[in-house]
Amino acid sequence: MVVFLAKRAGAGIVLVFVVTFLAFLLTYGADIPVARNILGPSAAESDVALLEARLGLDQPVLVQYWSWLTSAFGGDLGRSYFTSEPVSAAMASRLPVTMSVVVVGCALMLVISCVLGVWSAVRGGWLDTVLQWVTTLTYVLPTIVLGIVMVFVFAIWLRVLPAIGYTSLTESPGLWLASVILPALVLAIHGVAGLAAQVRGSLVDELGKEYVRTLRSRGLSEPSIVLKHALRNAASPALTVFSIQFITLFGSSLFIEKIFALPGYGTYTYNSVVQGDLPAMMGVTLFSVLLVVVINLLVDIANGWVNPKARVA
Amino acid sequence: MHHVRTFGTAAILVVAVATASGCSGGGNTPATAPDRLRISVTTTPNSFQVGAWSGGDAVTYLSMYDTIFLRNANGELEPSIAEEWSYSEDNTQLTLDIRPDMEFSDGSPVDAAAVAASLEFARSGPATASNLDNVTSVEADGEQVVIDLSQPDASLVPALAGVVGVVGAPDSLESEDAVLNPVGSGAYVLDTAATTAGSVYVMQKNEDHWNADSYPFDTVEVRIIPDPAAVQNAILSGQLDFGAITADAETQFSPSQFSTGTFAPVALGALWIADREGTVVPQLADERVRQAIALAFDREQIATNLDPGRNNATNQIFNPDGDTWDEGLLDGSYDPDRARELLEEAGYGDGFALTMPSSVITTAYESVITSSLADIAITVNWETVPVQNYYAQILAKNYGMFFGQYGFTGFDPQDVKRMTSGIFNPFQLSEPQFQQLTTAVGAASPDDQSDALGDVNQFFLQQNWIAPITAVTGKYAVSNDFKYTPQTGTANGVRPFAPAEG
């Protein structure tokens, strides 16, 4: 088991080196004039050269990569070229913003989808038809439109929730929820369509199976049959859709962060790429690849523990 | 029905959350407290270190640092750290009398030695070095600072009223902490606990500031919001007191709650006819061709029809709010018949084609540039360039002419220098006559400077190195609890803001 884990960890470390080096090369190859972009169009060439030297951008790419790598090993991911903020601190402050919105959005999506899906499957008829219409409508309704409507209604018209900004959970749980509920709802409503349809479809299938007839013949109440037995069996495919939706929601967070001016991870990643903010981009890359490596390692450990044959592979 | 139900569920949920969180207006202070100002800017301050600020939000930077001089709403110079100043007879030595009894936020004194140290540091700062390239030495002498120049430089004093002239505590100049937490003597101090870099900057008033009475707000909150729609929503919902808005959104702001207005011109939108030796586009070497290009634009029509409220007609490089710009010179600036004649005389009666770079910077102006130049038989081919590579492509001398926007500084001599450097002069061209004129501006006494700048204006109108099209401005909205006075030139800290009268 130890050899197995060592092999997996070794492969992970190699992957980190390869991915970060490739990312560094690609960024370098994009030839974005970072110092010029920081200093602006009027800056003299001498000033641009001064800043390039200060940022180390005048060094060969291998020297730059080695410098970044050795600092990263020491826990220092550098500072953003454009905000001067330490990259590790920036990521640590932005990830909770995006995760808050996505996690609350997923929770809302799950609850609303289950309610609608079960209701539609059990009642059928016109309700079912309406659900399918809603499914189509919410699929085509852009997130940005939904966001604007929500902001207008709840922030501008009713003035019950903030239009922009984020309050951390530790600062005030109430204000944290107030700051994430609108963006989370926008994400959730957009995702409800697919998940509710999946819940409904799976549940309809389950309700048509023989064990349900058996349960009914034994006199179990309908809510008990639906919620305790059929829904549990229908959950598996719905969970697959839910996991895909989670990734989709994470991807959609960039738009949501823009509408609600949230200082999130999506905006940070996007800006770092567009601006050629190398330290920020490398920080994001390193975090992403470490996440994949660690999760894969954990899965391998679990597989190896459950299935001894997997340890040999 | 389900849709209604879904939104109904959402409504119940958000109201419940709002109730639980005890917030009204989204967790904001319900009515704007007069001692707290909340504004938005579009870009993040890239560094608070002396000599390193190079764009982004100057409101915070110029609130936490005092500058050697100040500029008022009209762009005129006022004393600040320097109570008085004087030039030697030949304008090559500037002497500053430093205000006594000032302190940095760390308690150390703001004296002549500190001012000299900051200026010396700024001479090697990547964002400030070229502004001080005529400075040969900076010496502290008692309560004075003496700056020696290699030649007269009219843009130096104006520069010292802006980011070039900020003064930081000597011990902090090289400190890495200063990039996020400056040690200045400004009217405000960064509240690091309430600040999230890149998102929101909160500043508390420095009660020991020499001019504290001029700053009415105890707390200033500056949010970085690039998206204008988000800014507008935040103002409308009461989360912000001030921000830039789009012209078409102005009607959303009820006069009972908000005031709207137009900023002073912030930038020159123009064609830079850079290839004046005809390296890439041979036709541009002919002065008559450049003049024809300048005559092709109906600037009044463009200002009226293109994004109304955002463009002002101009055919001069100077800020229309400045002393040099002359409205009378706009007459006759549009004459396509004369333009065609000039092209005929130059031997290009059948016209010619040229390629210009296209990016988000140019998009709004491309159709009007294309059609105006097509009217005099010049065909423009737009070549898409990623915005982050726009400057680099121009500097690589790939284009003979390009559209650009230059941000006015508020001081005409400084503008002349800056709009002929960097990407605005990619072919590194100049002319003895231009050098003489700018030298004359630098050497002129304050009384004669206006005439000297007028000569520069005439030079540009004749030579057409630049074909100005528009002086770009924008709209703002401010809560009726506050008053905002539009400023000439770049940001001026929070001094343009005051509580509403009455």
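For chain B, what is the calculated [θ] at 222 nm in deg cm²/dmol (nearest 500), taking -39500 (n - 2.57) for each run of four or more DSSP H residues and dividing by its residue count? Walk me through the numbers before you get to the answer.
Details: 13 runs with 133 residues, N = 502.
Per the formula, -8000 deg cm²/dmol.
Convex hull over the Cα atoms of segment B:55-168, averaged projected area in nm²? Provide the component values of the computation, followed by the final result.
Values: hull surface 28.4 nm².
The orientation-averaged projected area of the Cα hull of segment B:55-168 comes to 7.1 nm².
Quick check on chain A: take the gyration tensor over C-alpha atoms, sort the square-rooted eigenvalues as a ≥ b ≥ c, and tell me if it's rounded (a/c under 1.5), prolate or oblate. Intermediate results must be reported in sequence, preceding the final value.
Working: a/c = 3.01, a/b = 1.57, b/c = 1.92.
In terms of gyration-tensor shape, oblate.
When DSSP assigns beta bridges and you keep just the ones with both residues in the protein assembly as shown, what percent turn out antiparallel, to the nearest 5?
On the way: 62 of 77 bridges.
Bridges in the protein assembly as shown that DSSP calls antiparallel: roughly 80 percent.
Around B:I273, which amide H atoms from residues at least 5 apart in sequence, or from another chain, sit under 5 Å from its own amide H, with H modelled in the peptide plane?
B:I466, B:A467
Run the reach check for B:K397 against lysines, Cα to Cα strictly under 28 Å, same-chain hits fewer than 8 apart removed. What comes back?
Excluding near neighbours in sequence, the set is B:K417.
What net charge do the residues around A:A35 carry, taking every other residue with its C-beta under 13 Å from that of A:A35, with Lys and Arg at +1 and Asp and Glu at -1? Can you show the working numbers first?
On the way: positive: A:R36, A:R54; negative: A:D31, A:E45, A:D47, A:E52, A:D58, A:D277.
Here the count lands on -4.
Would you order B:D177, A:D277 from fewest to most other beta-carbon atoms within 10 Å of each residue's own beta-carbon? Walk me through the numbers before you get to the answer.
Numbers: B:D177 12, A:D277 26.
In increasing order of surrounding Cβ atoms, one gets B:D177, A:D277.
Could you let me know the centre-to-centre spacing of segment B:299-361 and segment A:30-75, using Cα atoms, in angstrom?
With segment B:299-361 and segment A:30-75 each reduced to a Cα centre, they are spaced 38 Å.
May I ask you to evaluate 6.51 cos²θ - 1.76 cosθ + 1.60, the Karplus curve with θ = phi - 60°, for each residue of segment B:347-356 and list the ³J(HN,Hα) values in order in whole Hz, giving x for glycine and proline?
Calculated HN-Hα couplings, in order: x, 10, x, 7, x, 7, 10, 9, 10, 10 Hz.
Can you give the convex hull volume of the alpha carbon atoms of the protein assembly as shown per residue, in Å³? Please list the in-between numbers first.
On the way: hull volume 165.0 nm³, N = 815.
Cα convex hull per residue, to the nearest whole number: 202 Å³.
Please identify the trypsin sites (Lys or Arg not before Pro) of segment A:144-209 that satisfy two criteria: DSSP loop assignment and at most 15 other Cβ atoms within 10 Å. Which are they?
Details: sites: A:R159, A:R200, A:K209; in loops: A:R159, A:K209.
Taking segment A:144-209 and a limit of 15 other Cβ atoms within 10 Å, the loop trypsin sites (Lys or Arg not before Pro) found are A:K209.
For n ≥ 4 DSSP H runs only, could you compute -39500 (n - 2.57) per run for chain A, divide by its residues and tell me the 222 nm figure to the nearest 500? Each step should come with its number before you reach the end.
Working: 13 runs with 237 residues, N = 313.
That comes out to -25500 deg cm²/dmol.
Kindly give Rg over Rh for segment A:4-147, based on alpha-carbon atoms, with the Kirkwood expression for the hydrodynamic radius.
On the way: Rg = 24.7 Å, Rh = 20.6 Å.
The Rg/Rh ratio comes out at 1.20.
In terms of Cα to Cα distance under 24 Å, which lysines are near enough to A:K258, apart from those fewer than 8 places away along the same chain?
Leaving aside lysines fewer than 8 places away in the same chain, those within reach of A:K258 are B:K475.
For segment B:78-154 and segment A:129-187, what is the separation of their C-alpha centers, rounded to whole Å?
If we compute the Cα centre of each part, the gap is 53 Å.
Could you please rank B:R299, A:R36, placing first whichever residue has the fewest other Cβ atoms within 10 Å of its Cβ? Don't skip to the end; give the middle numbers.
Working: B:R299 20, A:R36 24.
Ranked by crowding around the Cβ, least crowded first: B:R299, A:R36.
How many angstrom lie between the Cα centre of segment A:242-261 and the Cα centre of segment B:439-455?
57 Å
Quick check on segment A:113-225: take the gyration tensor over C-alpha atoms, sort the square-rooted eigenvalues as a ≥ b ≥ c, and tell me if it's rounded (a/c under 1.5), prolate or oblate. All intermediate terms of the calculation are to be shown ahead of the outcome.
Numbers: a/c = 3.49, a/b = 2.06, b/c = 1.70.
It comes out prolate by the Cα gyration axes.
What's the angle, to the nearest 10 degrees (0 to 90), between helix A:265-275's Cα axis and the longest principal axis of chain A?
The two axes meet at around 40 degrees.
Would you pull out the residues with amide H under 5 Å of A:L262's amide H, same chain only if 5 or more places away, H placed 1.01 Å from N?
Correct list: A:G165.
Grab the other residues whose beta carbon is less than 11 angstrom from that of B:E344, score K and R as +1, D and E as -1, and report the net. Let's see the in-between values first.
Working: positive: B:R288, B:R338, B:R340; negative: B:D337, B:E341, B:E345, B:D350.
Every neighbour counted, the sum reads -1.
Within chain B, which complete DSSP H helices have Cα atoms spanning at least 27 Å along the helix axis and a mean Kyte-Doolittle hydropathy of -1.0 or higher? Mind showing how you got there, number by number?
Values: long enough: B:2-21 (28 Å, 1.14).
Sorted by number, the helices that extend far enough and score high enough are B:2-21.
Can you give the angle from 0 to 90° between the axis of helix A:87-123 and the longest principal axis of chain A, with both taken from C-alpha atoms, to the nearest 10?
20 degrees
For a quick check: sort B:V164, B:V266 by the number of other beta carbons within 10 angstrom, fewest at the front. Intermediate values should be presented prior to the final figure.
Numbers: B:V164 26, B:V266 22.
With the fewest neighbours first, B:V164, B:V266 line up as B:V266, B:V164.
To one decimal place, what orientation-averaged projected area in nm² is obtained for the convex hull of the Cα set of chain B? Don't skip to the answer; put the middle values down first.
Details: hull surface 109.8 nm².
Mean orientational projected area (chain B, Cα hull): 27.5 nm².
For B:W382, which sequence-distant residues (separation of 5 or more, or a different chain) have an amide H within less than 5 Å of its own amide H, given hydrogens modelled in the peptide plane?
Long-range HN contacts for B:W382: B:M356.
Each reported figure results from applying straightforward, stated rules to the coordinates on display, with no laboratory input. This is a predicted model, so every value here is computed, not measured. Every residue, glycine among them, receives a Cβ derived from its backbone with ideal geometry; neighbour counts consider all protein chains shown.
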